[in-house]
Amino acid sequence: MNKGRSRGGKGRTHGAARSAAVVPVDAPFQKNEEVTVDIIGLTHDGEGVGRADGYTLFIQGALPGERVRVKVMKVKKQYGYAKLEELMLSSPSRIEPPCDIYKECGGCQLQHFDYPAQLEWKRQHVVDNLMRIGKLSVAGEGRAVDGESASTGIVVRKTVGMDEPWRYRNKAAVPVGASSADGGLLAGFYARGSHRIIDMDDCLIQHEHNDEVIRVVKRIGRELGAAPYNEETGRGVLRHVMARTGVVTGEIMVVLVTNGRKLPLVESWIERIRRELPAVKSIIQNVNERDTNVIFGDDTFVLWGSEVIYDELDGIRFAISARSFYQVNPAQTVALYRKAVEYAGLTGTETVIDAYCGIGTISLFLARQAGRVYGVEIVPEAIEDAARNAALNGITNASFEAGPAEVVIPRWRKEGITADVIVVDPPRKGCDPALLETILSMQPERVVYVSCNPSTLARDLRVLEDGGYKTVDVVPVDMFPWTVHVECVVRLYRE
Ligand code: SAH
């Protein structure tokens, strides 16, 4: 999914007003007051932005263009939160969310917003970030001709959506907990804005295989009397279950994340998973004893089967191990990577650096059309996968190194490696400033920036622009339908 971010999560902030938890003096409303508001936009979290008496209220579930009656729940100086009570004027883009647990679950945020409107909103969200944070000017959507109207500003193209935007995820990682009713083991998603676990058997954005794995593993856990982990006390064994499916190959990996090395009845676990889920090729245990939101701990070992599963993207085969990042929406990933390769503008002779390369996915797409590709990635297991993946596909012009991109690439430069094109695909926090500096001093002809976070993208583009690069066009690709997340591919030229 989106990189390095856990679902749910405690607390949130709305920019500048973060510290305004004091008694409100300017708020025109009291807690529990009922108000009618017009919705003028959506926040990056997908909440409706309501304006009334010059005051801003954030309202979960309200859509732009709607008039709603709300109950004020929380008042701060600059803004407040309110609960949707009644739709007085409904948006034409409002739809009935198809998922039964949508209201409780924190996984999706936009199931009440129809798909075309969602794609348009995602594009606009990218535009707003480029302008507000990056102080960049945007020309429009552009026409069929690439690069057109670049002189008047950045072309931000229409969001590339899915024809069938359901069941797209190849990976499910769900927390395990105890039912408050009977203490029984449950697994699902954190409720919106909390760490209360909502039991989940059928997730409409998840591949059916993963849903089945979660259901079966949960049942096995109950039948074997496995103790669910308790976040408050730090007791219990089973913390998370992860299922990953190679959508093209049908291979499945199951990862049991445990609190401590010992998994009672481990042989029964293995025997039952193998018997009840024959497509499973790999059963992995990961040990996480820390008091943390991060799913995985450092210690990973094979309980049964292979250390990796395989999948294919656009005819390239990939080995994927438990800890490696692998895009969750394979159909859209192919669209994303093809765009990245197109923007790299390769003729067959170029040297390309792929920073934040993961298991070498983009690197191998690039290698088919470049002279030489160097990939760098911080997770050593992912680099092992990347090297294996190059060999697996008979690709000999790509090499990989483990380490922080901001350290390894400057060293490469000292060793005499210069790049014609640099591709970056950082996690949500964006590129390290030292990496941006290295790009500016290496002076590649083109930079391709793949981003899962429009705000850090906008910040980094500003740095590249100030250093002599011109942002030509941006394509938002919808990797995560029904959620607020947007992925983008950006093309920059050296001026
Ligand atoms: N391009 C890959 C992976 C993108 S996700 C793909 O499309 O599959 C971002 C990757 O950056 C993750 O694999 C993460 O482990 C890695 N990463 C995070 N910080 C890094 C750093 N400082 N240097 C290099 N890689 C880093």
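Scanning the stretch 173-194 finds one or more residues that are under 22 Å from THR249 (Cβ atoms) and within 20 Å of the chain's Cα centre (by Cα).
If the condition is being within 11 Å of the ligand (Cβ to nearest atom), closer than 14 Å to VAL448 by Cβ and crowded, with 24+ Cβ neighbours inside 10 Å, then the stretch 341-359 contributes ASP354, ALA355, CYS357. Is it true that VAL448 is of a type in the set (Val, Ile, Thr) and surrounded by fewer than 22 Cβ atoms within 10 Å (Cβ to Cβ)? Criteria not met by VAL448.
The one condition from (1) closer than 25 Å to ASP311 by Cβ; (2) hydrophobic (A, V, I, L, M, F, W, C); (3) under 21 Å from the mean Cα position of the chain (by Cα); (4) within 16 Å of the ligand (Cβ to nearest atom) that LEU457 does not meet is (1). Take the conditions (1) surrounded by fewer than 24 Cβ atoms within 10 Å (Cβ to Cβ); (2) more than 11 Å from the ligand (Cβ to nearest atom); (3) of a type in the set (A, V, I, L, M, F, W, C); VAL407 misses just one of them, which is (2). Each residue in the stretch 366-378 was checked for being within 12 Å of the ligand (Cβ to nearest atom) and closer than 15 Å to VAL334 by Cβ, and 1 of them qualify. Would the stretch 292-312 turn up any residue that is away from the ligand (no atom under 13 Å from the Cβ), touching a strand residue (DSSP E or B) at 6+ places or on another chain (Cβ under 6 Å) and within 21 Å of CYS452 (Cα to Cα)? Yes, there is a match, as at least one residue in the stretch 292-312 is away from the ligand (no atom under 13 Å from the Cβ), touching a strand residue (DSSP E or B) at 6+ places or on another chain (Cβ under 6 Å) and within 21 Å of CYS452 (Cα to Cα). For the stretch 320-339, the candidate set comprises residues that are within 9 Å of the ligand (Cβ to nearest atom) and assigned to a helix (DSSP H, G or I); within that set, the residue that is farthest from GLY371 (Cα to Cα) is THR333.
Rundown of residues vs (1) of a type in the set (Ser, Thr, Tyr); (2) more than 13 Å from the ligand (Cβ to nearest atom), yes/no style:
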| site | (1), (2) |
| --- | --- |
| THR361 | yes, no |
| LEU364 | no, no |
| ILE383 | no, no |
| ARG388 | no, yes |
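Screening VAL334 against (1) surrounded by 24 or more Cβ atoms within 10 Å (Cβ to Cβ); (2) farther than 23 Å from THR438 by Cα; (3) of a type outside the set (Ser, Thr, Tyr) leaves a single unmet condition, (1). Checking each residue in the stretch 241-288 for being in contact with a Ser or Thr (Cβ under 9 Å, 6 or more places away or on another chain) and under 24 Å from GLY225 (Cβ atoms) picks out VAL254, VAL255, ILE284, GLN285, ASN286, VAL287, ASN288. Looking only at the stretch 461-484, residues that are out of contact with any Lys or Arg (no Cβ under 7 Å at 6 or more places or on another chain) and surrounded by fewer than 23 Cβ atoms within 10 Å (Cβ to Cβ) come to 8 in all.
Yes/no matrix, rows are residues, columns are (1) assigned by TED's automatic domain parsing to the domain that holds TYR343; (2) farther than 21 Å from ARG192 by Cβ; (3) under 21 Å from the mean Cα position of the chain (by Cα):
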{"position": "THR56", "(1), (2), (3)": "no, no, no"}
{"position": "GLY61", "(1), (2), (3)": "no, no, no"}
{"position": "PRO98", "(1), (2), (3)": "no, no, no"}
{"position": "GLY106", "(1), (2), (3)": "no, no, yes"}
{"position": "GLY140", "(1), (2), (3)": "yes, yes, no"}
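The values are calculated or read from the model by the stated rules, or taken from the named source; none is laboratory data. A quick note: this is a predicted structure, and the numbers were derived from the prediction, not measured. In this analysis, Cβ positions are derived from the backbone assuming ideal geometry, glycine residues included, and neighbour counts consider all displayed protein chains.
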